[in-house]
Amino acid sequence: MAISLGAISATAFAEEAAKSPNVSISETITHVEQALAEVNKSDFSAAVLHLKLARLSSERITGNEAVVKQANASVVQAQIQSKFGDVQKSADELNKALVLYKTL
């Protein structure tokens, strides 16, 4: 019984850690960096996938709502530019988003 309680506690702790804003920030930054790499290779379909995942993970970021909102706006603009096939504008927006997310 003690072993099962320990396992449940460890699982609950791991789930809470995964929901942490710091984990969400790191996850969001990773997706934006991967999207930037794909944009630079002109692989827009893979970039759009990472941008969608970045937007989803950014929803779990708490605090600094103004910065998060501004970074998300850059991600959306990068997504739009990716759909137009504009590498430079998309990369510029992703770099803006990265700077903002990294300030969190």
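Rounding to the nearest 20 debye, state how big the charge dipole of the stretch 21-103 is about its Cα centre with +1 on each Lys and Arg Cβ and -1 on each Asp and Glu Cβ.
For this selection, approximately 100 debye.
Give me the net charge of residue 102's neighbourhood, meaning all other residues with Cβ under 14 Å from the Cβ of residue 102; Lys, Arg count +1, Asp, Glu -1. Can you show the working numbers first?
Numbers: positive: 96; negative: 27, 33.
Taking every other residue near residue 102 into account, the sum is -1.
Using the alpha carbon gyration tensor of the stretch 33-104, what are the three equivalent-ellipsoid semi-axes (square root of 5 times each eigenvalue), largest first, in whole Å?
Ellipsoid half-lengths, sorted descending, are 20, 11, 9 Å.
With a cut-off of 8 Å between alpha carbons and a minimum separation of six or more residues, what is the relative contact order of the stretch 21-103 in percent?
Relative contact order here is 36 percent.
Under a straight-distance cross-link criterion of Cα-Cα below 19 Å, which lysines are reachable from residue 102, leaving out those fewer than 8 residues away in the same chain?
Partners found: 19, 52, 69.
Values in this text are rule-based calculations from the coordinates and carry no lab data. No experiment lies behind these values; they were computed from the predicted model shown. Don't worry about glycine lacking a Cβ; one is built from the backbone with ideal geometry, like all the others, and counts go over all protein chains shown.
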